[in-house]
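The values are calculated or read from the model by the stated rules, or taken from the named source; none is laboratory data. Keep in mind the model is a prediction, meaning the values are calculated, not measured. Heads up, the Cβs are rebuilt from the backbone with ideal geometry, glycines too, and the neighbour counts pull from every protein chain shown. For accessibility, only protein heavy atoms count, side chains too; no ligands or nucleic acids. Shrake-Rupley method; radii C 1.70, N 1.55, O 1.52, S 1.80 Å.
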Amino acid sequence: MPRRAPQHDVSDDQLSVTTPKSSAAGLPAVLSSIQHAQQQMGAKRTLLTLLNVNQANGFDCPGCAWPEGEKRHTAEFCENGAKAVAEEATLRRVGPEFFAEHSVHDLAERSDYWLGQQGRLTHPVHKPVDSDYYSEISWDEAFQVVRRELDRLHSPDEAVFYTSGRTSNEAAFLYQLFARMLGTNNLPDCSNMCHESSGLALNETIGIGKGSVQLADLEQADLIFVVGQNPGTNHPRMLGTLEEAKRRGARIITVNPLPEAGMIRFKDPKKPSGMLGRGTELTDLFLQIRVNGDLALFQALGRMLVDAGAVDRDFIEAYTWDYDSYAAHVKSLDWGEVLLATGLSEDDIAAAHAMVTSAQRIVVCWAMGLTQHRNSVPTIREVVNFLLLRGNIGRPGTGVCPVRGHSNVQGDRTMGIHEKPKPEFLDALAQEFGFQPPREPGHDVVESIRAMRDGRARVFMAVGGNFVSATPDTEVTEAALRTCALTVQVSTKLNRSHAVTGRQALILPTLGRTEIDVQGSGRQFVTVEDSMSAVHASRGQLRPAADTLLSEVAIVSRLARTVLGANSAPWREFEEDYDRIRDRIAAVVPGFHDFTSRAEQGFVLPHPPRDERRFTTANGRANFSVNELEVLRTQAGELILQTLRSHDQYNTTIYGLDDRYRGISQGRRVVFVHPDDLAERGIADGETVDLVAGDRRAERFRVVSYPTARSCAAAYFPETNVLVPLDSTARGSNTPTSKSVVIRLERSAPRPVS
Ligand SMILES: Nc1nc2c(c(=O)[nH]1)N[C@H]1C(S)=C(S)[C@@H](COP(=O)(O)OP(=O)(O)OC[C@H]3O[C@@H](n4cnc5c(=O)[nH]c(N)nc54)[C@H](O)[C@@H]3O)O[C@H]1N2
Ligand SMILES: Nc1nc2c(c(=O)[nH]1)N[C@H]1C(S)=C(S)[C@@H](COP(=O)(O)OP(=O)(O)OC[C@H]3O[C@@H](n4cnc5c(=O)[nH]c(N)nc54)[C@H](O)[C@@H]3O)O[C@H]1N2
Ligand SMILES: [Mo]
């Protein structure tokens, strides 16, 4: 097997670079989405499909977890939502003939882009031990393969059950039930690489791992921080919310090493003025922070509030704990270290402080720029400290707003997809289903890879996602999966995880969210939970990609029946009528009473700090915390690399090869570096370099001179995952440190002449 795919199907020969854009969306966004959709599914289907995204009777957009709001526009759609839909609604198909033609070895040499472009998977296929090819298998036989391999394990803890955040609440609930009835808590999910640090820090400080902000709060806030997030690409509908906030007079502080186009100016494609006019300027103050400087920034802002006496004494007295330790700690803050860590000037920080003291209601939004560092948990705790100081939590127009990624990643957690479930959840499950769930914590993503690597896990199953490409340390992860006896992927589209397999492998093709789902009792719907804890129904509208597909619910139910026996739970009823699953969810998970009838309208789950300023921590108070400021220092020549998304990708699904807002077209192997950092190294824009981290190397990136913060660099994932060691994770949350990789640039060796 090749160590890393040469990926000969994508060449960077056409790569071109122009100046970055200073506004997002507008007409180019609409044109780009329609063009992409038509390529995948033709004109008629494009219209039918895009009209149904996020409508009351339509399906939930599989793009991101930003809430829909009450005013659903006919075109409640955004460029990247449209692309996410088109990827699923494509007319291209991958059937048994495709697998007869392409060996697993062949697939392993293709890029994620090529694999994704082949179309929707249509038939269950199996790769036997002694073959390099997948071939068709019946559904029943496929489930028997899984049963046999699970039966061979010494313990259920030798199996790992991964989930990616598109899985519906109903499928997720059954999947965790199946794993726990089998006897394991090995339920890693994409959250482990995503907002795990947020969940942990929020649980410790306010007692619940979810955001406290509703759309209405953003409408009332007078100061909004957008930290470590690129909504123009990853949550485009959020820009509409921010634009509204601006119209009403709110101010926005953007904290980012990169000047992201969407946060500079937004042209709303839903409005004529947005299509043709200049759009709305969003950011009032841009703090171009050095990568990983956020803890220092929020601690400095906290210190200034303490010094100025600009804190809410009554709130602190009544609701919080340990303010004195916090205040004593920030008094010893070293300003030199703050300036070094943040790369900001004293004037920048003073300007932010002035905006903070004149604001009555503050919201802080954040995403991956805060969660994927070694000190992410303390950094997010520091954001909470900052908000607590002036009572900016549990009051209209205020709060914490971690912006989730996958459209149902938050719901999957609510349904019990978690390797460290709360005891109350397990108690409720035990009570409802009459079995003893395992109590030992299971493996998260990084632990799962270690377990496979060390032979402690031998069966790997994934409902959705692309484990191989999403995880760090590509070589180690690939080798780990190859040691498995069996790997099983429940997927809509082909990806690299189908090409890096255990000795046996199965691909189980499934319905997507856009598709009509008919079971024994008739047409079904599923539910999802957005980033603001709102749960609502999602109904597929399109004819399924093939008659041979099963829904995720059906796959999990049939697998469970095969493996655990029909009496373990009413799996057949669950499959026939998803209302029966919702009845059980209602009995197990707080906040879901009358689930099915309320799903139609949608409802918001309880959140004690938001709803009643009640903090469900061990001491019943919101906890201040003391967080040490450590500066991520670099030696001469080194840069801190953050690995991020281009505009044309959905995590590991590559829609196209452009990153329009950053001025990149027809290529992905680029590294963005500040012109002065290039000059210091004697490297010119346009040169080809290797990114070198210790003994790790990602080869041949075109240097792009770019206005990022000094001593920082940026490049796309998954190409750069080879640079992140498995053991380099955030303290506490174990999230890979994908946003702080210390690298050097080395000129690439000339390409060998062939
Ligand atoms: N179209 C599209 N939509 C998506 C996705 C997608 O891939 N494509 N992915 C989905 C998923 S799963 C997720 S989690 C979200 C991800 O949404 P984002 O978090 O917006 O995604 P990233 O591209 O990782 O961008 C991280 C941002 O943080 C900044 N940043 C990096 N390091 C730091 C730092 O140390 N401090 C600060 N302040 N900023 C920093 C980067 O410059 C960048 O603007 O989007 C979701 N939506
Ligand atoms: N270096 C670096 N690495 C990162 C990140 C980073 O910023 N930098 N970000 C991390 C983050 S935030 C995340 S969330 C992870 C993402 O990790 P994953 O969630 O594992 O990856 P995705 O690329 O979102 O998964 C895409 C695949 O999901 C399948 N799929 C799509 N829709 C459905 C569906 O409806 N049902 C089923 N069963 N399958 C479906 C398709 O086969 C598709 O190929 O990556 C992480 N990895
Ligand atoms: Mo994510």
The chain: Cys lacking any partner C-beta under 4.7 angstrom
Cys61, Cys64, Cys78, Cys190, Cys194, Cys484, Cys712
Bins of 10 Å, starting at 0 and running to the largest distance - Cα pair percent for the range 164-264
12, 31, 33, 16, 7, 1
Kindly work out what percent of the DSSP beta bridges joining two residues of the range 196-403 are antiparallel, to the nearest 5.
10
Just to confirm my numbers, what's the Cα centroid distance between the range 603-664 and the range 723-748 in Å?
15
Rolling a 1.4 angstrom probe over the protein chains, ignoring ligands and nucleic acids, what is the accessible area of Ile516 in square angstrom, nearest 10?
40
Ordering of 85-91, 743-749, 721-727 by burial proxy (mean other Cβ atoms within 10 Å per residue, highest first):
85-91, 721-727, 743-749
Specify the inter-centroid distance of the range 467-540 and the range 365-404, based on alpha-carbon positions, in whole Å.
30
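Report in % the part of the accessible area of the chain that belongs to carbon and sulfur, leaving out ligands and nucleic acids; probe 1.4 Å.
On the way: 12950 of 26420 Å².
The C+S portion of the solvent-accessible surface of the chain is 49 percent.
Anything over 30 Å Cα to Cα? Flag those among Lys21/Lys210; Lys331/Lys422; Lys127/Lys739; Lys83/Lys246, in the order listed. Don't skip to the end; give the middle numbers.
Working: Lys21/Lys210 33 Å; Lys331/Lys422 37 Å; Lys127/Lys739 36 Å; Lys83/Lys246 28 Å.
Flagged as over cut-off: Lys21/Lys210; Lys331/Lys422; Lys127/Lys739.
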Distant-in-sequence amide H partners of Val213 (H built 1.01 Å from N, under 5 Å)
Val400
Which helices of the chain meet both criteria: a Cα extent of 30 Å or more along the helical axis and a mean Kyte-Doolittle score no lower than -1.0, with helices taken as whole DSSP H segments?
none
By accessible area of protein heavy atoms, probe 1.4 Å, what ranking do Arg751, Arg439 get, highest first?
Arg751, Arg439
With a 1.4 Å probe and all protein chains kept in place, how much accessible area does Trp335 have, in Å² rounded to the nearest 10?
80
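Which value, in Å², gives the accessible area per residue of the chain when a 1.4 Å probe is used on the protein heavy atoms?
Values: 26420 Å² over 754 residues.
I get 35 Å² per residue for the chain.
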Express the Stokes-Einstein translational diffusion coefficient of the chain in µm² s⁻¹, to the nearest whole number, given a Kirkwood radius over alpha-carbon pairs, 10 °C and a viscosity of 1.306 mPa s.
60
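Would you list Glu68, Glu628, Glu244 from the most to the least accessible area, probe 1.4 Å? Before the final figure, lay out each step's value.
Details: Glu68 20, Glu628 115, Glu244 75 Å².
So, going from the largest accessible area down, we get Glu628, Glu244, Glu68.
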Given the chain, what percent of its DSSP beta bridges are antiparallel, to the nearest 5?
40
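Enumerate by residue number the trypsin sites (Lys or Arg not before Pro) in the range 135-178 meeting two conditions: DSSP loop (anything except H, G, I, E, B), and at most 13 other Cβ atoms within 10 Å of the site's Cβ. Don't skip to the answer; put the middle values down first.
Numbers: sites: Arg147, Arg148, Arg152, Arg166; in loops: Arg152, Arg166.
Here the sparse-neighbourhood loop sites are Arg152.
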Could you rank the peptides 210-223, 593-606 by their average count of other C-beta atoms within 10 Å per residue, with the highest value first?
210-223, 593-606
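Students sometimes get this wrong: rank Lys420, Lys493 by accessible area, probe 1.4 Å, all chains present, largest first.
Working: Lys420 105, Lys493 30 Å².
If we order Lys420, Lys493 from most to least accessible, we get Lys420, Lys493.
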